[in-house]
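The values are calculated or read from the model by the stated rules, or taken from the named source; none is laboratory data. Not measured: the values here are computed from a predicted model. Backbone-built Cβ (ideal geometry, glycine too); neighbour counts: all protein chains shown. Quick note on the areas: whole protein, heavy atoms, side chains included, nothing else; ligands and nucleic acids left out. Shrake-Rupley method; radii C 1.70, N 1.55, O 1.52, S 1.80 Å.
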Amino acid sequence: MAKLLIGLVLGLIMGGAITFFTFVGVPRASQNPGAPILPPDAGSTAASARIVLGQDLFNQVLTTIFKEIREPAFQMGENIAPNSSATIEHASFQDAGPCDGIIRILEEGSGVRSGLKLEEGRISAPLAFAGTYNSPFGCLRFTGWTQASLELRFDKEKQAVYGRVNVETVNLDGVNPIFGGLITPLVQSTINNRVNPIQIINPGQLAVDMPIASTGGKLQAVVEDVRAEVKENAINLYVVYNFSGSPTL
């Protein structure tokens, strides 16, 4: 169970790299696998497995990333093809030049500390950032913060849980409105196209394939549904199984 929880945390926060750090508008259909995870029905959670993920655990992981690895960085994607599946990339940890067109997520900046906030029915993520953009007018340097929300999705066919981060607001510090109108959508589209979807639970991570020695058979189960309940400071994931048994040949 401890191994599973660590995988879930790293999947949600990193998504293979640091894919938790995202903002953006509405993703393309190809970036929306499965269906949105709904809250549990009243009285329907007794036959499900519950996994509790605390807010402090997420933020401890983030603190470790910032202090012991490096600030996550995303290359600005002005040349992204709007319908190309090759545009999905992940954050990279790399050094930057003076005007390299890279957006960096900061541990703290613009009066905001980056982190995850779990509230009643909502997963939100204030993120501080800084970056540069080599525009026709010269190098534009910017700082600011964004308010994002995370939507959880379950793909039954792939037996996987994904996350999709949506930006609600992007706030730039002291940027001329003319340039702000250029930078804001570019920041949003760049991060969105490189990150979503975020894989939280890999296929097979929750599957059951258990030999029962005393019966000469084995117990198997696939995930039938996943429900999520976001409470203050915690996410409750309810995993509903479809069980089957078979004799060992």
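Within the range 110-151, track down each residue that is in a strand (DSSP E or B), within 20 Å of the chain's Cα centre (by Cα) and among the charged types (D, E, K, R).
Those that are in a strand (DSSP E or B), within 20 Å of the chain's Cα centre (by Cα) and among the charged types (D, E, K, R): Arg113, Lys117, Glu119, Arg122, Glu151.
Mind checking which residues of the range 132-159 are at positive phi and either in contact with a Lys or Arg (Cβ under 9 Å, 6 or more places away or on another chain) or among the acidic types (Asp, Glu) (or both)?
None - no residue of the range 132-159 is at positive phi and either in contact with a Lys or Arg (Cβ under 9 Å, 6 or more places away or on another chain) or among the acidic types (Asp, Glu) (or both), so the list stays empty.
Does the range 179-192 contain at least one residue that is without any contact (Cβ under 8 Å) to a residue 60 or more places away in the chain, assigned to a strand (DSSP E or B) and either open to solvent by less than 50 Å² (accessible area, probe 1.4 Å) or basic (Lys, Arg) (or both)?
No.
Report, by residue number, each residue of the range 144-163 that is of a type in the set (Asp, Glu) and crowded, with 17+ Cβ neighbours inside 10 Å.
Glu151, Asp155
Anything in the range 169-178 that is surrounded by fewer than 19 Cβ atoms within 10 Å (Cβ to Cβ) and within 30 Å of Leu237 (Cα to Cα)? List them, or say none.
Scanning the range 169-178 gives a single hit, Thr169.
For the range 240-249, what are the residues that are β-branched (Val, Ile, Thr) and open to solvent by 70 Å² or more (accessible area, probe 1.4 Å)?
Thr248
Kindly establish whether Asn166 is open to solvent by 40 Å² or more (accessible area, probe 1.4 Å), under 24 Å from Leu57 (Cβ atoms) and within 20 Å of the chain's Cα centre (by Cα).
No: the conditions fail for Asn166.
Inspect the range 196-203 for any residue being closer than 19 Å to Pro36 by Cβ and in contact with a Pro (Cβ under 8 Å, 6 or more places away or on another chain) and give the result as yes or no.
The answer is yes; a qualifying residue exists.
For a quick check of your reading of the model, give me the residue pairs whose first member lies in the range 125-145 and is closer than 11 Å to Glu108 by Cα, whose second is surrounded by fewer than 21 Cβ atoms within 10 Å (Cβ to Cβ) and among the aromatic types (Phe, Trp, Tyr), with beta-carbon atoms closer than 8 Å and at least 6 apart or on different chains.
Matching pairs, first to second residue: Ala130/Phe142.
Give me the residue from the range 106-143 that is among the basic types (Lys, Arg) and exposed (fewer than 14 other Cβ atoms within 10 Å of the Cβ) and, out of that set, farthest from Ile183 (Cα to Cα).
Here the residue is Arg122.
Being over 21 Å from the mean Cα position of the chain (by Cα) and either in a strand (DSSP E or B) or modelled with pLDDT of 85 or more (or both) is the filter here; which residues of the range 63-108 pass it?
Cys99, Asp100, Gly101
Quick test for you: out of Gln55, Gln60, pick the one residue that is surrounded by 18 or more Cβ atoms within 10 Å (Cβ to Cβ) and modelled with pLDDT of 80 or more.
Unique residue meeting the criteria: Gln55.
List pairs: first residue in the range 60-75 and touching a residue at least 60 places away in the same chain (Cβ under 8 Å), second residue among the aliphatic types (A, V, I, L, M) and assigned to a helix (DSSP H, G or I) anywhere in the structure, Cβ distance under 7 angstrom, at least six positions apart or on different chains.
Listed pairs, sorted by first residue: Phe74/Ile191.
Please enumerate the residues belonging to the range 196-239 that are within 15 Å of Ala160 (Cβ to Cβ), open to solvent by 40 Å² or more (accessible area, probe 1.4 Å) and either among the polar types (S, T, N, Q) or not in a loop (DSSP other than H, G, I, E, B) (or both).
Listed by number, the residues that qualify are Gln199, Asn202, Gln205, Val222, Glu224, Asp225.
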